[in-house]
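Here is the structure we will look at, set down as C-alpha cells.
The values are calculated or read from the model by the stated rules, or taken from the named source; none is laboratory data. This structure is a prediction, so every number in the text was calculated from the model and none was measured. So basically every Cβ, Gly included, is an ideal-geometry build from the backbone, and we count neighbours across all protein chains shown. Note: areas computed on protein heavy atoms with side chains; ligands, DNA, RNA excluded. Shrake-Rupley method; radii C 1.70, N 1.55, O 1.52, S 1.80 Å.
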Amino acid sequence: MHRSVANTFEKFNLSGKTALITGAGGLLGLEHATALLQSGATIMLTDINEAHLETARKSLAVYAEKTSQILCQVMNVASQEDVLATAALLKKENRRIDILVNNAAIDPKVKVEEGKELTRLENFSLDQWNLEIGVGLTGAFLCSKVFGNLMAADGKGGVILNIASDLSVLSPDQRLYRKEGLEDCMQPVKPVTYSVIKAGLVGLTRYLATYWAQQGVRANALSPGGVFNQQGEEFVKRLSSLIPLGRMADHDEYRSAVQFLCSDASAYLNGQNIVMDGGRSVW
Ligand SMILES: NC(=O)c1ccc[n+]([C@@H]2O[C@H](COP(=O)([O-])OP(=O)(O)OC[C@H]3O[C@@H](n4cnc5c(N)ncnc54)[C@H](O)[C@@H]3O)[C@@H](O)[C@H]2O)c1
C-alpha cells in the first residue's frame with residue numbers, strides 16, 4: 001500500500017481501545033458494535049435486555065479476533081445505580097472506557113386504550129413521557145456524567161458519540177404514519193418525546209464538547225435517517241419520496257460514520273451533529 005494511504009487509515013485504528021455501547025442488543029446497537037470491532041476495539045455491550053445481549057454476543061463473534069474482545073453487561077441506562085455499578089465493575093477489572101456510544105432508546109409501540117390513541121400529544125401520559133425521556137435523554141446524561149468524567153479524570157481523554165436522529169433537526173412528518181380509515185383523532189403519530197429527546201441529545205453533545213475539551217474528551221452526535229426494517233410497503237414508499245436518494249438506509253450504512261466519529265480520523269471534529277439521512281433534511 002502507498003505509505004500515505006496506510007497512514008490515513010491508521011487513524012481509524014481502534015486497537016487497544018474499549019468502547020461501551022448502550023442499547024447494544026438492538027438493531028443499530030449491533031451495527032455500531034460491528035463497526036467498532038472491525039476497527040479493532042474491544043467492545044462492551046450493554047443493554048437492559050439480557051436475551052438481546054446474548055444474541056448480540058453470538059452474532060458478533062465472527063468479527064472478533066478473540067472472545068475477550070466482546071464484553072457484556074446488563075445495564076439500565078435510566079438507573080444511576082446500574083451505571084455506577086458498571087463503572088465499579090470496570091474499575092475492579094482495571095478496564096478503561098475510551099469510547100462511549102449513547103444509543104439506547106425506547107421505541108414505543110402504537111397503543112389504543114379506552115378508545116384513545118395514546119401516541120397523540122393530547123393523550124400522551126406523563127408516565128410515558130418520563131419513561132422515554134428517562135432512557136433516551138437522562139440515560140445519555142447519566143452515562144456521559146459517569147464515563148465521560150472517568151475519561152477526563154486520568155487526562156487520557158476519549159470520545160462520546162450520541163445517537164440522535166434526522167428528527168433532531170426536522171419535525172416529524174405525521175402524514176407518514178397515517179392509517180387509512182381512521183378518524184383524525186385516532187391517527188397514530190410519532191410521539192413528542194422523540195423530538196424532544198433527539199434535539200436534547202444535540203444540546204447535550206454541544207455541552208459535553210466544551211466541558212471536558214481541555215481533558216481531551218470530544219463529543220459528537222450522529223443523526224441517522226430511517227433504517228429499512230421490513231416496515232409496511234406504504235410507509236416505505238411515503239418516506240422514500242421525502243428522501244432525495246429515494247430510499248431508506250440499509251442497516252449497515254452507518255458503520256463507517258461510527259468508525260470515523262469514534263476514532264482519531266475525526267480528531268478535530270467536536271460538538272457537531274452529523275446528519276446522515278440520504279438528504280431528507282435538505283429538501
Ligand atoms: N432504527 C432507525 O431507523 C433509527 C433511525 C434514527 C435513529 N435511531 C436511533 O438509534 C438508536 C437505536 O435504535 P434501534 O433502531 O437500534 O432501536 P432498537 O429498539 O432496535 O434497540 C434499542 C435497544 O435499547 C435497549 N433499551 C431499551 N431501554 C433501555 C434501557 N433503559 N437501558 C438500556 N438499554 C435499553 C433495548 O433493549 C434495545 O436492545 C436509538 O437511539 C434510535 O432512536 C434509529
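When the C-alpha to C-alpha distance is required to be over 20 Å, the pairs from K17/K91; K111/K179; K11/K91; K58/K145; K116/K190 that qualify are K11/K91; K58/K145. Sorting the segments 36-43, 74-81 by their mean number of nearby beta carbons within 10 angstrom, highest to lowest, gives 36-43, 74-81. Amide hydrogen proximity for I160: with H placed 1.01 Å from N in the peptide plane, the residues at 5 or more positions away or on another chain lying under 5 Å are L100, R218, A219, N220. Rounded to the nearest 0.05, the FRET efficiency derived from the C-beta distance between A64 and E233 at R0 = 30 Å is 0.20.
What FRET efficiency would be calculated for the residue pair L27, S241, taking the C-beta separation as r and a Förster radius of 25 Å, to the nearest 0.05?
On the way: r = 23 Å, r/R0 = 0.92.
Step by step, r from the Cβ atoms, then E = 0.60.
Looking at the chain, what % of the alpha carbon pairs are farther apart than 30 Å? Here the tail beyond 30 Å accounts for 31 percent of pairs.
Here is what passes the span test in the chain: the DSSP H helices with alpha carbon length of 27 Å or more along the helix axis and a Kyte-Doolittle mean of 0.5 or above are 192-211. Dipole check for the chain: with +1 at the C-beta of Lys and Arg, -1 at the C-beta of Asp and Glu, and the Cα centre as origin, the magnitude is about 860 Debye.
Taking the 1.4 Å solvent-accessible surface of region 168-258 as the whole, the part contributed by carbon and sulfur is 52%. Computing FRET efficiency as 1/(1 + (r/R0)^6) for F9 and D252, where r is the C-beta to C-beta distance and R0 is 25 Å, gives about 0.85.
Peptides 58-65, 92-99: what's the order by average Cβ count within 10 Å, highest mean first? All intermediate terms of the calculation are to be shown ahead of the outcome.
On the way: 58-65: 12.8, 92-99: 14.9.
Sorting 58-65, 92-99 by mean packing, highest first, produces 92-99, 58-65.
The modelled label-to-label distance between R95 and K156, using points 7 Å beyond Cα along the C-beta direction, is 1.3 nm.
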